[in-house]
Amino acid sequence: MPEESISPLEEARKSVQSALDESSRSLHEVTLMIEQSQVEVGKLTQRNAAITAHLQQVQAQGNNASIEDVRMAYDSALDAQQRLFVMRGQLEKLQSDQSHLEQYNSLMKKVIESLQVGDAGGSAPQKSSSAGIDMIIQAQEAERQRLSRQMHDGPAQALSNFILQTEIAMRLMDVDAAQAREELSSLKASAMGTFQKVRNFIFELRPMMLDDLGLVPTIKRYVESFKEQNNLEITANITGQERRLESYIEVLVFRAVQELLGNAARHSQASQVKVQVDISDSAVKVVVDDNGKGFDPEVINQGASLGLGLIRERVEMLGGAFELASQVGKGARVTFSLPAA
């Protein structure tokens with residue numbers, strides 16, 4: 001008997017299953033790291049409280065405390081606060097990774113189910129499903145490259161500067177205490193600024209309030225933050241019923257708005273963007289309209305816009321409708337709707 005050939009759809013299913021297995025292993029590792037980090041944060045919190053209490057005792061002694069005791073108390077307090085600060089940031093990052101991986105696993109499971117249905121339906125769905133998988137993979141890689149650049153240009157560069165400032169302060173400590181304090185004050189201000197950037201970065205990766213509060217508050221918060229960071233005039237108009245939707249719908253809508261705002265800021269040279277979200281009993285409708293330079297809508301069919309293509313793919317996969325209206329020099333409008341019952 002000749003050996004049966006494996007269909008392209010079955011190969012795609014195996015590839016996605018492999019990716020799901022790897023992601024599941026990563027999720028297990030991240031979950032363990034979160035548990036360890038939570039224990040460490042608890043210990044550091046107790047240690048920080050004890051050191052802070054000791055510092056207050058030293059301060060209360062006034063002139064009776066030696067300069068060395070005061071310096072050691074301040075150094076210990078600063079070290080404890082920095083360690084707690086870093087560990088809490090690490091814990092938030094791990095929790096964000098955990099949520100992202102859970103959503104990714106859920107999506108991959110849905111893709112596998114779709115591929116199995118497509119395989120049962122014959123050869124017609126194979127091309128469409130395979131193209132969808134390819135689009136998802138390419139979009140993920142493009143997003144990883146963008147995040148890598150952001151990490152390199154942002155937090156990584158800032159941490160390098162922190163090390164330099166710390167070395168300067170350490171050298172000045174015994175030579176010019178006043179100047180050393182100024183350097184440390186500058187370092188603290190830089191650290192707080194970078195911490196806010198990291199929080200914004202984590203929010204972009206996976207806003208926790210999306211799980212806690214839902215779609216509408218998250219979009220409002222994201223639009224305000226995006227407006228401050230990108231010097232764009234953005235208006236968000238939310239109508240209908242402000243209610244919780246299925247998790248996968250909230251994630252899809254938020255990611256779509258996030259992608260469309262990013263396109264307006266990075267590519268369209270727009271100065272104004274309007275975001276409209278309407279939630280009715282049966283559907284969610286989203287319209288994102290900008291006054292940028294526009295483009296030929298055919299780019300989405302030619303695969304030149306992974307983000308738009310992926311939004312359309314996911315919307316249609318869930319039984320929704322997607323519409324793109326744009327002309328060169330006349331801005332762009334993206335409209336999509338999803339069943340929300």
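Side notes on the structure shown:
- Cross-link partners of Lys293 among lysines (Cα-Cα below 17 Å; sequence separation of 8 or more within a chain): Lys274, Lys330
- From phi via Karplus (6.51, -1.76, 1.60), per-residue ³J(HN,Hα) for segment 261-276 in Hz, x at Gly/Pro: 5, x, 4, 4, 6, 8, 10, 8, 6, 6, 10, 9, 9, 10, 10, 10
- Each residue, Arg244 and Ser24, gets one label point 7 Å from its Cα in the Cβ direction; the gap between the two is 2.7 nm.
- Positive minus negative residues near Ala340 (Lys, Arg vs Asp, Glu; Cβ under 11 Å): -1
- Each peptide in 324-331, 213-220 was scored by the mean count of other Cβ atoms within 10 Å over its residues; highest first, the order is 213-220, 324-331.
- Centre-to-centre, using Cα atoms only, segment 271-297 and segment 67-92 are separated by 47 Å.
- ³J(HN,Hα) computed for each position of segment 69-82 - Karplus, 6.51 cos²θ - 1.76 cosθ + 1.60, integer Hz, glycine/proline x: 5, 5, 4, 5, 5, 5, 4, 5, 5, 5, 5, 5, 5, 5
- Nearest-0.05 FRET efficiency for Tyr74 and Phe195, computed from C-beta distance (R0 22 Å): 0.60
- Here the gap between Thr52 and Gln17, fully extended at 0.36 nm per residue and compared with their Cα-Cα distance, gives a gain of 7.5 nm.
- By the count of other C-beta atoms within 10 Å, a proxy for reagent exposure, His28, His100 are ordered fewest to most as His28, His100.
- Put simply, the Cα atoms of segment 208-339 extend 38, 34, 23 Å along their principal axes, the longest span coming first.
- R0 of 22 Å, Cβ-Cβ distance Glu35-Asp212: FRET efficiency to nearest 0.05: 0.60
- Relative packing of 233-240, 253-260, 266-273, 282-289, which averages over residues the other C-beta atoms within 10 Å, highest first: 253-260, 282-289, 266-273, 233-240
- Residues Ala321 and Glu298, FRET efficiency given R0 of 22 Å [Cβ-Cβ distance, rounded to 0.05]: 0.70
- Relative contact order (%) - segment 220-341, alpha-carbon pairs under 8 angstrom, separation at least six: 25 percent
Values quoted throughout were computed directly from the atomic coordinates according to the rules given, and no laboratory measurement underlies them. Just so we're clear, the structure is a prediction, and the values are computed from it rather than from any experiment. For neighbour counting, all protein chains shown are included, and Cβ atoms are generated from backbone atoms with ideal geometry for every residue, glycine included.
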